[in-house]
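Trainee: Below are the structure tokens for one structure; questions will follow.
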Amino acid sequence: MVQESQSGSSGDAKFPAGNVPWIEKYRPEDFLDIVGNEDTVARLEVFSRNGNVPNIILAGPPGVGKTTTILALARHMLGPAFRSAVLELNASNERGIDVVRNKIKSFAQTQVTLPPGRHKIVILDEADSMTDGAQQALRRIMELYSNTTRFALACNTSEKIIEPIQSRCAMLRFSRLTDAQIVNKLLRVCELEQVSYTDDGLEAIVFTAEGDMRQALNNLQSTFRGFGHVNSENVFKVCDEPHPMLIKDMLSHCAKADIDEAYKIMSHLWRLGYAAEDIITNVFRIAKQHELPEYLKLEFIKEIGYTHMRVAQGETTLVQMSALLARLCRVAQRPTN
């Protein structure tokens, strides 16, 4: 089964008019519209002009444009043949050896009329979820059909791709998007969708997105549809994360060795129902940005890291989180010399 790109016009076909998710409605279709990772995108643009594209592994965190970039490459190279010459599969769902032997092999064997010097393209999203058996079968298919078909594997961690496949592919790495890149995109979408927003609302979306454009657009649309106005309070209600200002105040009390005030904030967050994992993750992110003396910031981050390890091991009680505050206050009381 050959799947089409889910962008622009195809998004309108999947959803009723006016209900298109913004991540699909504003998915770039051309290299010039892709945000961030300029060097990597430029390399793929050169491949698209030359035509003879190698097999590719695109590795990087989610929501930074890996699938969008490879779809733009396919659209640029294949033109009108795009619909029939691209097979897009999500390997996290279809990750077994049968999919490789049946869907991918039959597609590779299919005769398709292409522009001169062009190849069919198989796009495997979440390729690091494929089983070892499926990857071994894929390696053989990549060899047998190298004259007609190219493979693009998108993954979060390239280490989970077996070495024989890695050696057959050009490795392209994507990094998280910067806050400025995400804000520029959000401003364009707000203008086009006539979204009512405040500056602190956009800052909150950037904070919750952590360099993930898909997450940023989802949070923007969810907040606007849910409240009609995008401000920090509404964003954190939608995203259900501890408010960073509360975390910042708590760390400030710890820096003053004021355990009572710090504990009041921690117990308040706990009563609101936030899990220890949610709290400790935001504590770490805020601590990195907090205006503290450098030596104190390093000691805070070390103690937060130890607590994060204990939380990951299953010790997720309020006592554990309170003990973190006590240790931070003790660190703050130490003499600087």
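Trainee: What value, in deg cm²/dmol to 500, does the helix sum -39500 (n - 2.57) over DSSP H runs of n ≥ 4 give at 222 nm once divided by the residues of the chain?
Mentor: Value at 222 nm, helices only, nearest 500: -16500 deg cm²/dmol.
Trainee: Something else about it: Over all directions, average the projected area of the Cα convex hull of region 252-337 and note it in nm².
Mentor: Details: hull surface 20.4 nm².
Mean orientational projected area (region 252-337, Cα hull): 5.1 nm².
Trainee: Any chance you could run the full-extension gain for L192 through Q109? It's 0.36 nm times the residue separation minus the Cα-Cα distance, nm to one decimal. Could you put the intermediate results ahead of the total?
Mentor: Details: separation 83, 0.36 × 83 = 29.88 nm, distance 4.37 nm.
My answer for the length gained is 25.5 nm.
Trainee: To the nearest 0.05, how large is the calculated FRET efficiency for F82 and L318 if R₀ is 56 Å and r is the Cβ-Cβ distance?
Mentor: Values: r = 55 Å, r/R0 = 0.98.
The pair F82/L318 has a calculated efficiency of 0.55.
Trainee: Output needed: percent of Cα pairs per 5 Å distance bin for region 150-195, bins running from 0 to the one holding the longest distance.
Mentor: 5, 16, 19, 12, 10, 10, 12, 9, 5, 2
Trainee: Using label points projected 7 Å from each Cα along Cα→Cβ, tell me how many nm separate D179 and R43, to one decimal.
Mentor: Taking the two extended label points, one gets 2.9 nm.
Trainee: As an exercise, find the ratio Rg/Rh for region 167-251 from alpha-carbon atoms, using the Kirkwood inverse-distance average for Rh.
Mentor: Ratio of gyration radius to Kirkwood radius: 1.09.
Trainee: Next up: Once each part is reduced to its C-alpha centroid, what is the distance from region 278-337 to region 170-225 in angstrom?
Mentor: Between the Cα centres of region 278-337 and region 170-225 lies a distance of 29 Å.
Trainee: Taking square-rooted eigenvalues a ≥ b ≥ c of the alpha carbon gyration tensor, is region 104-238 rounded, prolate or oblate, where a/c under 1.5 means rounded and, failing that, a/b exceeding b/c means prolate?
Mentor: Since a/c reaches 1.5 and a/b is larger than b/c, the shape of region 104-238 is classed as prolate.
Trainee: Next question. If only Cα atoms are counted, what is the Rg of the chain, and what is its Dmax, in Å?
Mentor: Cα only, the chain: 23.9, 75 Å (Rg, Dmax).
Trainee: OK, next. When only alpha-carbon atoms are used, what values of Rg and Dmax, in angstrom, describe region 153-305?
Mentor: Looking at region 153-305, its Cα Rg and Dmax stand at 18.9, 59 Å.
Trainee: Separate question: How far apart, in nm, are two points set 7 Å out from the Cα along the Cα-to-Cβ line at E277 and at R334?
Mentor: Calculated label separation equals 3.1 nm.
Each reported figure results from applying straightforward, stated rules to the coordinates on display, with no laboratory input. Just so you know, these numbers come straight off a predicted model, no measurement behind them. Because the Cβ atoms are built from the backbone with ideal geometry, glycine has one as well, and the counts that use them run over all protein chains shown.
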